[in-house]
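Have a look at the structure below, then the notes.
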Amino acid sequence: MGIQQPAPAELLNIYYYLKLTRGLEQRVIALYRQGKIVGGVYLGTGEEAIAVGSAAALQSDDVIAPTHRDLGANLVKGITPKEYMAQYLARQTGLTRGRDGNVHFGDITRGIIGFISPMADLLPVATGVALTFTLRHERRVVAALFGDGASSRGDFHEALNFAAVLKLPVVFICHNNQYAYSTPLSRQMAIEHVADRAKAYGMPGITVDGNDVLAVRDAVAKAAARARAGEGPSLVEGKTMRMRGHAEHDDASYVPPALLEEWRARDPIDRFAAYLRDRKVLDDASAKAIDDRITKEIEEAVLFAESSPLPDTKQLLEGIYAA
Ligand SMILES: Cc1ncc(C[n+]2csc(CCOP(=O)(O)OP(=O)(O)O)c2C)c(N)n1
């Protein structure tokens, strides 16, 4: 199944989303240090190519089930910088109307299944959404993202097995970022690649360079085409590195500095910029125009969030459902 290579405009769009993701996250770090953020800060620094590349491989009515490292995928699906900032500053204008201070949000109208927890809990939900698509004869695909640690959990096994048996249209995408909180890969699985797990469920398992946005996009697009054609799920593993702590409270002192240096040299955004410049898709002028646009959007987002009201206790019971 050949996948069309992106046109220059789409390549620049991917570059924009990679840089917007990094820029927004860096601004959130600064706000956190200023004590303006109430909760924890979970970032995908260094892992942007998996988030953006996965979402860029989908069709507009496909659905994502993101992790706490997937701001880039949320942005591609239509979450705005203003909503993201208001979410982190716990304002009424945020995605959870100020009830959560970080990543527990979603919006099914924009194809984003609400994030529950990073521990694979969303994978059976994503599989259920894919079952709905199949029962309704809708040719839509679910991209379900998770971490390497999550792949050692029971609900991962149940979701992949169920999806494979029923040939459901799911692409399971692993951010293999080498650590599950402070636990290195070798302490939580006895195989080399997360993609090796696919064989046990009877689905294809593909390992790609997770810091190469086009490799991720290509692998996910092929898996999505397969799923859309009724041939069932796939497991795509992107090898990457978590370049910050588990969250911003964690200085990641348990990660060998040399390992971080090794991965810093493979930064997904620097690499994609070099690729685009090589192909004459990006030059100084277009790079500056994109940077200026992002700086303006981030500034506007912070202003919007800071001037939005905090939640009002009178609204506490709105949107609460009881069976
Ligand atoms: C039931 C439960 N146990 C523990 C946690 C704390 N926790 C959140 S993410 C995480 C590690 C996840 O590792 P991985 O799946 O590799 O994703 P990563 O954070 O590395 O992207 C842990 C232990 C939790 N949220 N819920």
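Numerical summary
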{"quantity": "At q = 0.15, 0.18, 0.21, 0.23 Å⁻¹, base-10 log of I(q)/I(0) for region 84-200 (Debye sum, equal scatterers on each alpha carbon)", "calculated": "-0.76, -0.97, -1.13, -1.22"}
{"quantity": "Spacing of the two label points (7 Å from each Cα toward its C-beta) at Leu135 and Val165, in nm", "calculated": "1.6 nm"}
{"quantity": "Kyte-Doolittle at least -0.5, axis length at least 18 Å by Cα - qualifying DSSP helices, the chain", "calculated": "8-33, 122-135, 213-228, 284-306"}
{"quantity": "Computed FRET value (nearest 0.05) for Asp278 with Ala200, which takes r as the C-beta separation and R₀ as 41 Å", "calculated": "0.55"}
{"quantity": "Calculated FRET value between Asp270 and Asp107, using beta carbons and R₀ = 41 Å, to 0.05", "calculated": "0.85"}
{"quantity": "Gln5-Ile191 FRET efficiency (beta carbon distance; Förster radius 35 Å; 0.05 resolution)", "calculated": "0.60"}
{"quantity": "Antiparallel bridge percentage (DSSP; both residues within the chain; nearest 5)", "calculated": "10 percent"}
{"quantity": "Spatially proximal lysines relative to Lys36 (Cα-Cα < 17 Å; intrachain offsets below 8 disregarded)", "calculated": "Lys82"}
{"quantity": "Over the chain: helical MRE at 222 nm, DSSP H runs n ≥ 4 each giving -39500 (n - 2.57), nearest 500", "calculated": "-13500 deg cm²/dmol"}
{"quantity": "Value of D in µm² per second that Stokes-Einstein yields for region 5-48, Kirkwood Rh from Cα pairs, at 20 °C (1.002 mPa s)", "calculated": "180 µm²/s"}
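A short reminder: the numbers here are calculations on the coordinates, not readings from a lab. A quick note: this is a predicted structure, and the numbers were derived from the prediction, not measured. Using ideal geometry, Cβ is built from the backbone for each residue, glycine included, and neighbour counts are taken over all protein chains shown.
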